[in-house]
Amino acid sequence: MKNFIKQAVVVWVSLASLSCTSQPKQELPNIVLINVDDLGWKDVGFNGSRYYETPNLDRLAKESIRFTQAYAGAANCAPSRACLISGQQTTRHGIYTVGNSARGNAKTRRIIPTTNTTELADEQITLAEVLEGQDYTSISIGKWHLGKDPKTQGFDQNVAGTNLGHPKSYFSPYKNPFLPDGPEGEYLTDRLTDEALRFIDENQENPFFLYLPFYTIHTPLQGKEALVEKYKEKPTVDGQGRNPHYAAMVETMDASVGRILQRLDEHELENTIVIFTSDNGGISYLSRQHPLRAGKGSYYEGGIRVPLLIRWKSKIKEAWETDTPVTNLDFYPTLLELVGAEVPEDKVLDGASLAGLLLKKEALPERPLIWHFPIYLQAYRVGGDESRDDLFRTRPGSVIRLGNWKLHQYFEDDGLELYNLAEDLGEQQNLAAERPEKREELLDLLNDWRGRMNAPVPKEPNPDYQEGFVPAPKKRK
């Protein structure tokens, strides 16, 4: 019954589009959406890294609109991906984290967190399903992490996508039910890129949607031997270069992007929208994101600000840069407008279309950007994550950004932190006491939003909590 309803909606979208705003089939743009796993905002040359080598991405940046203030919909994998593919906030799809929401030592959690959802509901009408109604051929290649198979959510083909958040190995044999093993020693990122090239070759005559969520640079950290040796000899810079495998994986990903861009050029597929981004910030202890604070799992800038490039050769003739704050929630409405598709009936989208900004440089009206995370995420390295406290990357709370102002609210102690990002990008000087009028303005907006969204705010005390308890440090292997 669920599949019938979804098929009916897709048919409705198709008919509505044909009668209203649809473009002729041959004029529909191809879409290539590359979503790298755990790539930090500062992990690319075009955002200022002086360590990682990303020549292909740096070249793409010179052909694209570069967003300097782009954000993920959440600070870690599954919720961010759910936001992107559904176009909806975490409060609507209920995916707030990976696995259990009660992470970390129970004795250090003051309240009972909101129960987490681990799979995107079949009732969700995804971006892929709307594009299916526009006669797109679609494929998901790489990390899915929102259920057992992306083909249940509108994709025609699935390569390597499962409910797992990381591969068992980056070298074949992969032991992945949706990816036959290659020759022994074959590298996963290269293999996924080969599959992407095959798909482009086979579908160059018709509109296609290539969703390429690379597993890299997520753990296990396993780089190609020659590149690992290369980076062992390279001195660290700005807190980057702490792990040669991480650096090797970044370079291999960059080379793969270069191969995809070259194939598009070979086929003269200039009517292709290329989007390059990451699902969340980089892992702080592995790769510092300075001047941004913290990293993956945190709602400081280092955990949610991500690289974002958008290229469309046939429509966007010159590269330029914008500091407009955007999020991956904006991809869904943007792509629908660019391909002339209607928003499905009863579907609420929480992002804004960037079409006017992309094509005409029209300013986007100022709007609040909001993140809600009623869950716990334990620290990667106790005291080493640049978070609010040593034990957690995230404790339950919400964050709002409006203009250059950003307010953090924490539910355990009603703690408030207010930062002016224009003057304090590293979120070091809490102005909550000094600027009460701005604090209350943002807090009122946040409370209003939570009320309208029926957002869960956990308050129930945790009976296992022990005031002052400090867990014994774990021995590092």
Self-check item: Leu369, sole failed condition from (1) within 30 Å of Val470 (Cα to Cα); (2) touching a strand residue (DSSP E or B) at 6+ places or on another chain (Cβ under 8 Å)
Solution: (1)
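Name the one entry in Leu407, Leu445, Leu425 that is under 30 Å from Ala106 (Cα atoms) and either surrounded by 15 or more Cβ atoms within 10 Å (Cβ to Cβ) or at pLDDT 95 or above (or both).
On the way: Leu445 fails: under 30 Å from Ala106 (Cα atoms); Leu425 fails: under 30 Å from Ala106 (Cα atoms).
Exactly one of Leu407, Leu445, Leu425 is under 30 Å from Ala106 (Cα atoms) and either surrounded by 15 or more Cβ atoms within 10 Å (Cβ to Cβ) or at pLDDT 95 or above (or both), namely Leu407.
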Quiz item: Does any residue of the stretch 72-84 turn out to be of a type in the set (Gly, Ala, Ser), under 25 Å from Ile316 (Cβ atoms) and not in a helix (DSSP H, G or I)?
Solution: yes
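Results for (1) more than 20 Å from the chain's Cα centre (by Cα); (2) at pLDDT 95 or above; (3) part of a loop (DSSP other than H, G, I, E, B); (4) not assigned by TED's automatic domain parsing to the domain that holds Tyr136, shown as yes or no for each residue.
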site: Ala294; (1), (2), (3), (4): no, yes, yes, no
site: Leu309; (1), (2), (3), (4): no, yes, no, no
site: Ala341; (1), (2), (3), (4): yes, yes, yes, no
site: Asp350; (1), (2), (3), (4): no, yes, yes, no
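So which residues in the stretch 222-236 are within 27 Å of the chain's Cα centre (by Cα) and assigned to a loop (DSSP other than H, G, I, E, B), if there are any at all?
Once the filter is applied, which keeps residues that are within 27 Å of the chain's Cα centre (by Cα) and assigned to a loop (DSSP other than H, G, I, E, B), the stretch 222-236 yields Gln222, Gly223, Lys224, Thr236.
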Quiz item: Considering only the stretch 313-338, how many residues are among the aromatic types (Phe, Trp, Tyr) and surrounded by fewer than 23 Cβ atoms within 10 Å (Cβ to Cβ)?
Solution: 1
Quiz item: Which of the residues belonging to the stretch 111-150 are of a type in the set (A, V, I, L, M, F, W, C), within 29 Å of Met253 (Cβ to Cβ), in contact (Cβ under 8 Å) with a residue 60 or more places away in the chain and out of contact with any strand residue (DSSP E or B) (no Cβ under 6 Å at 6 or more places or on another chain)?
Solution: Leu127, Val130, Trp144, Leu146
Quiz item: What strands (runs of 3 or more DSSP E), lying completely within the stretch 390-474, carry at least 1 residues that are of a type in the set (Val, Ile, Thr)?
Solution: 392-394, 397-402
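Mind listing whichever residues of the stretch 302-335 are acidic (Asp, Glu) and without any contact (Cβ under 8 Å) to a residue 60 or more places away in the chain? Walk me through how you get there before you give the answer.
Taking the stretch 302-335 as the starting set, the residues that turn out to be acidic (Asp, Glu) are 318, 321, 323, 330.
The answer is Glu318, Asp330.
Restricting the stretch 22-39 to residues that are part of a loop (DSSP other than H, G, I, E, B) and at pLDDT 95 or above, which is surrounded by the most Cβ atoms within 10 Å (Cβ to Cβ)? Step through it out loud before you land on a result.
Initial filter on the stretch 22-39 (part of a loop (DSSP other than H, G, I, E, B)): 22-24, 28-29, 37-39.
Now drop any that are not at pLDDT 95 or above, which leaves 28-29, 37-39.
Numbers: Leu28: 21, Pro29: 22, Asp37: 25, Asp38: 26, Leu39: 30.
Filtering the stretch 22-39 for residues that are part of a loop (DSSP other than H, G, I, E, B) and at pLDDT 95 or above, the one surrounded by the most Cβ atoms within 10 Å (Cβ to Cβ) comes out as Leu39.
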Quiz item: Is it fair to say Leu221 is assigned by TED's automatic domain parsing to the domain that holds Asp346 and surrounded by 17 or more Cβ atoms within 10 Å (Cβ to Cβ)?
Solution: yes
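Quick check on my filter: what residues within the stretch 111-123 are modelled with pLDDT of 95 or more and out of contact with any Gly (no Cβ under 9 Å at 6 or more places or on another chain)? Talk me through it step by step, then tell me what you get.
Within the stretch 111-123, the first condition is being modelled with pLDDT of 95 or more, and the residues that meet it are 111-121.
Selection gives Ile111, Ile112, Pro113.
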Quiz prompt | the stretch 50-72 residues that are without any contact (Cβ under 8 Å) to a residue 40 or more places away in the chain, paired with ones that are of a type in the set (Phe, Trp, Tyr) (beta carbon under 7 Å, 6 or more apart) | solution = Asp58/Phe46
Quiz item: Restricting the stretch 239-260 to residues that are at pLDDT 95 or above and either among the charged types (D, E, K, R) or not assigned by TED's automatic domain parsing to the domain that holds Asp190 (or both), which is surrounded by the fewest Cβ atoms within 10 Å (Cβ to Cβ)?
Solution: Arg259
Practice problem: Only residues that are aliphatic (A, V, I, L, M) and over 20 Å from Ser80 (Cβ atoms): list them for the stretch 246-272, please. | Solution: Ala247, Ala248, Ala255, Ile260, Leu261, Leu264, Leu269
Self-check item: Residue within the stretch 283-294 that is touching a Lys or Arg at 6+ places or on another chain (Cβ under 8 Å), surrounded by fewer than 19 Cβ atoms within 10 Å (Cβ to Cβ), over 23 Å from Asn203 (Cα atoms) and among the small types (Gly, Ala, Ser) present
Solution: no
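The values are calculated or read from the model by the stated rules, or taken from the named source; none is laboratory data. Because the structure is a prediction, the values reported are computed rather than measured. Cβ: placed from backbone, ideal geometry, glycine included. Neighbour counts: every protein chain shown.
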